[in-house]
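Written below as structure tokens is the structure these notes are about.
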Amino acid sequence: MLVSARSFDEYRAMFALSDHDLALRILDCPGGAASFVALAGARGTDAVAVDPQYAHGTDRLGALVLKEIEHKHASLVENASSFRWTWFGDVENYTRLRTEAARTFAADAAARPDRYLAASLPHLPFADRSFDLVLSSHLLFSYGAQLDEEFHLDSLIELARVARREVRLFPLVLHTSNRPYEPLDRIRHALAGHGIATRLRQVGYEFQRGADRALVLDCTDHRALPRAKPATPAGSGGSDPVRWRHLGAHP
């Protein structure tokens, strides 16, 4: 699985974030090397990011992401027609924005390490209803071919557990094929059985073709059931490290 560096403005577009949303307490899970927490924090938002890769050092992560962005540039030039460029404009701007985001992430993580916690789904180290709004992008559904339905459902229930108002997830297509995540209707039905209502929301962002909708979980009336303590401590990193294409294997 890859870690990327998405920008604050990209987050606003992907999740249809309003100024009102940015006045809430927000969790970004997984945060990767995005600049969202950094720039949201600079404007006064109480935002926290979690990602298992933070356990290996955010400075190292930032450096690896910069190399990954450089590696990806040539691939994007060659395959530009496979993507929609309405939001980014062109490959050069894409690379510039991602590079800026990675550098902003690294600087903020060094200055405010308490905002970047090593943790991984489906077990998060937060009390019930710790955040008003939870954002999650490019893991669930994106890696639907690698992560089974049980993991998806357990993770969504966990995200709903720590949210007071909403969980927003984007995109709803597989990252390799742009095909919709097929079990989505079954997952939504199962969430309804847990008292979690869901809806689809059109957003003003599309980079992967067909990826222009978010899934919203309404957590206002949801009350989480007691959960068992995870066998492995959150943030241990697990056995699925990031695979960096420009290195060939995780160093």
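The values are calculated or read from the model by the stated rules, or taken from the named source; none is laboratory data. Please read all numbers here as calculations on a predicted model, not as lab measurements. Every residue, glycine as well, gets a Cβ built from its backbone with ideal geometry; the counts of neighbours run over all protein chains shown. These accessible areas exclude ligands, DNA and RNA; they are computed on the full protein's heavy atoms, side chains included. Shrake-Rupley method; radii C 1.70, N 1.55, O 1.52, S 1.80 Å.
General observations
- Hits in the stretch 187-228 (condition: in contact with a Leu (Cβ under 9 Å, 6 or more places away or on another chain), over 24 Å from residue 12 (Cα atoms) and open to solvent by 70 Å² or more (accessible area, probe 1.4 Å)): 194
- Being closer than 21 Å to residue 125 by Cβ and small (Gly, Ala, Ser) is a property that does not hold for residue 5.
- Evaluation of residue 40 against the conditions (1) part of a loop (DSSP other than H, G, I, E, B); (2) closer than 19 Å to residue 205 by Cβ shows that the sole unmet condition is (1).
- Residue check for residue 126: of a type in the set (A, V, I, L, M, F, W, C), more than 16 Å from the chain's Cα centre (by Cα) and either modelled with pLDDT of 95 or more or open to solvent by 10 Å² or more (accessible area, probe 1.4 Å) (or both): yes
- Filtering 104, 86 for residues that are within 29 Å of residue 19 (Cβ to Cβ), of a type in the set (Ser, Thr, Tyr) and out of contact with any Leu (no Cβ under 8 Å at 6 or more places or on another chain) leaves a single hit, 86.
- Residue match in the stretch 198-209 (condition: out of contact with any helix residue (DSSP H, G or I) (no Cβ under 8 Å at 6 or more places or on another chain), in a loop (DSSP other than H, G, I, E, B) and modelled with pLDDT of 95 or more): yes
- Residue that is nearest to residue 108 (Cα to Cα), among those in the stretch 25-80 that are modelled with pLDDT under 95 and among the hydroxyl-bearing types (Ser, Thr, Tyr): 58
- A Cβ distance below 9 Å, combined with a sequence gap of six or more or placement on separate chains, defines the contacts here; from the stretch 210-237, residues that are on the phi > 0 side of the Ramachandran plot reach residues that are modelled with pLDDT of 60 or more and surrounded by fewer than 19 Cβ atoms within 10 Å (Cβ to Cβ) in the pairs 210/178; 210/179; 210/180; 235/55; 235/125; 237/55; 237/56.
- The one condition from (1) outside any helix (DSSP H, G or I); (2) small (Gly, Ala, Ser); (3) within 28 Å of residue 207 (Cβ to Cβ) that residue 127 does not meet is (3).
- Taken over the stretch 67-123, the criterion of being part of a helix (DSSP H, G or I), open to solvent by 80 Å² or more (accessible area, probe 1.4 Å) and among the hydroxyl-bearing types (Ser, Thr, Tyr) is satisfied by 81 alone.
- Flag for residue 64 being in contact (Cβ under 8 Å) with a residue 24 or more places away in the chain and of a type in the set (A, V, I, L, M): yes
- Residues that are among the hydrophobic types (A, V, I, L, M, F, W, C) and over 29 Å from residue 21 (Cα atoms) within the stretch 43-68 comprise 63, 64, 66, listed in sequence order.
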